[in-house]
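The values are calculated or read from the model by the stated rules, or taken from the named source; none is laboratory data. These numbers come from a predicted model, not from an experiment. When we count neighbours, we look across all protein chains shown, and the Cβ atoms used for this are built from the backbone with ideal geometry, even at glycine. These accessible areas exclude ligands, DNA and RNA; they are computed on the full protein's heavy atoms, side chains included. Shrake-Rupley method; radii C 1.70, N 1.55, O 1.52, S 1.80 Å.
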Amino acid sequence: MKKNLTMHPIAVIHTDFATKFGIPRQASLAEELKATIVFEKEYRKDGILKGLENFSHIWLLWGFSASFDADWTPTVRPPRLGGTKRVGVFASRSPFRPNPIGLSAVKIDAIRKTKEYGTVIDVIGADMMNLSPIYDIKPYVPYSDRINAAPGFAEQPDLRKLQVRISPVVAETIPAGKLAGLIEVLALDPRPPYQNDPNRKYGFVFAGMEIKFKVEDNVLTVLSAK
């Protein structure tokens, strides 16, 4: 019996997130957030995606590339629990795992041919850092994948919607087609749940720009985008 399995990426995903900060905590929370799956050269083969156009969503099996060299512990402190309570690593979605593998369901936006990369898949709602490796793609099948399940400590949706304020001057600096996705990401509150300092300035890279903001009384104000 084969005990070990060596996996090689079949693709990478191109997203607007250069770092982990700002990425939605779960897939499909930001419906304006777009990304593109680009296959490695050996998988740019005719017919490899035949029939996928008949599905609306796919499962992505991917790697937490920022955690490949990180140590893991038997228990972790999920942000959902305020970063103070511990649960077992296998009772969480922490990226710090024995095998740093993620699983996300995303919506297919388009399957298209390009001159540089061959056929690519545009998706909506990916919760992944730019150039994260993808190990497998499977169609989402509603009759079997959508089930009634006990939610554990994630019973209530973690959707702390904030009011986002961006001045017209700052909004004009956001690349075309990226503003709606950025507003969704900011409205979900990218800060750690245990941080609520109205005087603190936060920053992260989105679509090649450094976005700086602060939050006070559930209002997030974008300070700059450069």
_Furthest towards positive pole of dipole, His57, Ile134, Thr6, structure part the chain, Cβ charges_ = Thr6
*Ranked from highest to lowest mean number of other Cβ atoms within 10 Å per residue, what is the order of the peptides 173-179, 77-83, 60-66?*
60-66, 77-83, 173-179
*When every alpha-carbon pair in region 74-195 is counted, what percent end up more than 21 Å apart?*
60
_Sequence ranges 138-149, 102-113, ranked by mean other-Cβ count within 10 angstrom, highest first_ = 102-113, 138-149
*How many angstrom separate the Cα center of region 148-199 from the Cα center of region 26-76?*
22
*Put a dot 7 Å past each Cα toward the Cβ at Lys41 and Thr75; how far apart are the dots in nm?*
4.9
*If you place +1 on the Cβ of every Lys and Arg, -1 on the Cβ of every Asp and Glu, and leave all else neutral, what size is the dipole of the chain about its Cα centre, to the nearest 20 Debye?*
400
*Considering lysine pairs in region 11-127 that are 8 or more places apart or on different chains, how many have Cα atoms under 18 Å apart?*
10
*How high is the FRET efficiency between Val89 and Asp197 when r is their beta carbon distance and R₀ equals 30 Å, given to the nearest 0.05?*
0.55
_Farthest toward positive dipole pole in the chain [+1 Lys/Arg, -1 Asp/Glu at C-beta], among Trp72, Ala105, Val123_ = Trp72
_Exposure ranking of Tyr194, Tyr202, Tyr117 by accessible area [1.4 Å probe, largest first]_ = Tyr194, Tyr117, Tyr202
*Points 7 angstrom from Cα along the Cβ direction at Val141 and Phe55: gap in nanometres?*
0.9
